[in-house]
Amino acid sequence: MKTAHRKSPVMRRASRLFLNDVNAGKAAVVRDFLHQCRDITQYFVDLLWQRHDFSADLADLPTIHRGRDRFGVTTRLAQALAKQAKEVCRAAHANGTRKPRMRRWTSTLYAHFMTLEAFTGDYFDYALRLIGSGAPRLLLPLHSTRHLSGLLDAGWTLGKTVRLGWRKGRLFVECLLEKARPGLQTTGDVVGMDSNYKHGLVFSDGQTTGDTAYDTIQGFATRQKHTHAQIKSLVGQALKRIDFRTIRVLCIEDLQHVKAFKRGTFPRRLNRRLSHWLYNLLAEKLAHCCQEHGIRFERKAPWKTSQFCRFCQKWDRRNRRGDLFVCRTCGHTDHADFNAAHNLAFLGLAGVYGLRSLQNSHLV
Ligand SMILES: [Zn+2]
C-alpha cells in the first residue's frame, strides 16, 4: 500500500486555517454538525468492524440507508461518512490496530457539500460556502496564512475537498493541496543525515542546520501552550536553509524500532514521547522536501553507524567519545555526527539497509 502511495504521480499537502472570526451562532451550528458527523462515522465504523469489512469498495446502499434512517440525515451525507468510516477501518486493519474510536471532530467535505472561492471584499481571502445536501448552509469567511500562500506561490493548487474540524474550542478548515510529482534526480550525491539535540542536523555533504532551533526546543517547557506549533515552525525554518539541489539520495536513521536519541545527552525536560514526535516530524518534513526535489529518501538501520570508521571501515564501540569520533584502528578523528552521517550515506551507496547486511563481507 505504501509503495503504491509513493509512486502516486501527485503530491498532497494540507494547510490549516483557523476560523477565528466566525460568530458564535455559526460556530455552534458547525460544531453541532461535526459532532453529528463523528457519531455517524463511529456508527459505520462499528458496523463495518463487526462485519470484518475492510475492502476498498464503497459501502453498499442498505448500509448507507441504515445510517441515514437512524440519524435522520440525507443519503448523500450518510454516503460520505460511510466512505470515511471505510477508510478509517481499512487503515486500522492494515496497521493491525484495534477498532478505531473517532475522537476527533474532523470531517472531510466533498464537493457536494461545499465550494471554496475567493472572498468578494477586502477583509478576508477565501469564502468556504457550505451548500447543504446534508451539511448546514453557511458562509465561512477565511484569512489565508503564510503557509497556504507559500504553497500556492510554489505551484500547489487547491483540491476539490476540504476537511472541517473542531479542536480545543477552535474551528478550522484544512485545505488539501496537490502538485504533480517531479521526476527522480539522476545526478547528484548520495547524502546521509544524522541529528541530535546538541548539533541539530548534520549532513554528510557538509551542510548543517537547526543547532540553534534545537537549543530553543530544549528551553521549551513541555506543557507550554502552542509548543508543538512553535517546534513545527522551527523545524520548517531549519530545513529551508538546506540546499537540496545537489542531492540525489538522502539517507536518514530508521528510528522506528529504536529508542529515540539513545546517543548523546537526552534533555530531561523533553520526555521520550516528545522526542519521538520530534524525530517523526523531522523525518516527515524531510521526506516532503525530498519528494518536492525528486530525491530518493531512504531509512537506514542506525546499528553501529556511530562506532564504524568511515576511513578504515573497522568498528569499535570505544571509537565514540562524546561529540568526538576517534578510530582506535587508524586514528581517524572526526565530529561524531558527521561520521555517522557519512556512514548513512555509505549504506545508501552500498544499497543496503544496515551495516549488519555487510557483516559477513570483508568490510565489517
Ligand atoms: Zn579507522
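The values are calculated or read from the model by the stated rules, or taken from the named source; none is laboratory data. No experiment lies behind these values; they were computed from the predicted model shown. Reconstructed Cβ throughout: ideal geometry from the backbone, glycine too, with neighbour counts over all protein chains shown. For the accessible areas, the whole protein counts, side chains as well, though only heavy atoms, and no ligand, DNA or RNA atoms are used. Shrake-Rupley method; radii C 1.70, N 1.55, O 1.52, S 1.80 Å.
Please count how many residues of the range 290-325 are on the phi > 0 side of the Ramachandran plot and within 14 Å of the ligand (Cβ to nearest atom).
Residues flagged as on the phi > 0 side of the Ramachandran plot and within 14 Å of the ligand (Cβ to nearest atom) within the range 290-325 amount to 2.
If you check R328 against the conditions, is it more than 12 Å from the ligand (Cβ to nearest atom), charged (D, E, K, R) and open to solvent by 60 Å² or more (accessible area, probe 1.4 Å)?
Values: more than 12 Å from the ligand (Cβ to nearest atom): no; charged (D, E, K, R): yes; open to solvent by 60 Å² or more (accessible area, probe 1.4 Å): yes.
The answer is no for R328.
Find the residue count for the range 174-195, including only residues that are part of a strand (DSSP E or B), open to solvent by 50 Å² or more (accessible area, probe 1.4 Å) and under 30 Å from Y110 (Cα atoms).
Going through the range 174-195 one residue at a time, the tally reaches 3.
What do you reckon, is H65 over 26 Å from K168 (Cα atoms), out of contact with any Lys or Arg (no Cβ under 8 Å at 6 or more places or on another chain) and in a loop (DSSP other than H, G, I, E, B)?
No; evaluated as a whole, the condition is false for this residue.
How many residues are in contact with a helix residue (DSSP H, G or I) (Cβ under 8 Å, 6 or more places away or on another chain) and either among the aromatic types (F, W, Y) or over 26 Å from G25 (Cβ atoms) (or both) if we restrict to the range 155-178?
3
Of all residues in the range 307-325, count the ones that are open to solvent by less than 60 Å² (accessible area, probe 1.4 Å) and within 20 Å of V191 (Cα to Cα).
Matching residues across the range 307-325 total 6.
Show the residue pairs that are 6+ apart or on different chains and have beta-carbon atoms under 6 Å apart, the first residue being within the range 88-113 and part of a loop (DSSP other than H, G, I, E, B), the second being of a type in the set (G, A, S).
Between residues of the range 88-113 that are part of a loop (DSSP other than H, G, I, E, B) and residues that are of a type in the set (G, A, S), the close pairs are P100/A92; Y110/A80; H112/S133; F113/S133; F113/A135.
Any idea how many residues of the range 41-56 are part of a helix (DSSP H, G or I), open to solvent by 10 Å² or more (accessible area, probe 1.4 Å) and polar (S, T, N, Q)?
Looking only at that region, the number is 2.
I need the full set of residues from the range 73-91 which are farther than 20 Å from I131 by Cα and surrounded by fewer than 17 Cβ atoms within 10 Å (Cβ to Cβ), in order please.
Across the range 73-91, the qualifying residues are E87, R90, A91.
Return the total of residues in the range 285-306 being touching a strand residue (DSSP E or B) at 6+ places or on another chain (Cβ under 6 Å), among the acidic types (D, E) and surrounded by fewer than 18 Cβ atoms within 10 Å (Cβ to Cβ).
Of the residues in that region, 0 qualify.
Right, R38: in contact (Cβ under 8 Å) with a residue 24 or more places away in the chain and open to solvent by 70 Å² or more (accessible area, probe 1.4 Å) or not? I'd like the intermediate steps shown before the answer.
Details: in contact (Cβ under 8 Å) with a residue 24 or more places away in the chain: yes; open to solvent by 70 Å² or more (accessible area, probe 1.4 Å): no.
Here the answer is no, as R38 does not meet what is asked.
Could you identify the single residue in R137, R104 that is under 19 Å from H35 (Cβ atoms), open to solvent by 70 Å² or more (accessible area, probe 1.4 Å) and modelled with pLDDT under 90?
The unique qualifying residue is R104.
Look at the range 335-364 and say how many of its residues are within 16 Å of the ligand (Cβ to nearest atom), open to solvent by 20 Å² or more (accessible area, probe 1.4 Å) and at pLDDT 90 or above.
The total comes to 4.
I'd like the full set of residues that are open to solvent by less than 60 Å² (accessible area, probe 1.4 Å) and at pLDDT below 90, limited to the range 143-161.
Result: G159, T161.
When both residues are 6+ apart or on different chains and their Cβ atoms are under 7 Å apart, which pairs have a first residue that lies in the range 329-340 and is more than 13 Å from L201 (Cα to Cα), and a second that is of a type in the set (F, W, Y) and near the ligand (Cβ under 7 Å from one of its atoms)?
Correct list of pairs: C330/F311; H332/F311.
Cβ-Cβ under 7 Å, sequence separation 6+ or interchain: first residue in the range 305-316 and in contact (Cβ under 8 Å) with a residue 12 or more places away in the chain, partner of a type in the set (D, E). Which pairs?
Between residues of the range 305-316 that are in contact (Cβ under 8 Å) with a residue 12 or more places away in the chain and residues that are of a type in the set (D, E), the close pairs are Q307/D316.
Taking the condition of being at pLDDT below 90 and open to solvent by 50 Å² or more (accessible area, probe 1.4 Å), how many residues in the range 1-20 meet it?
Going through the range 1-20 one residue at a time, the tally reaches 9.
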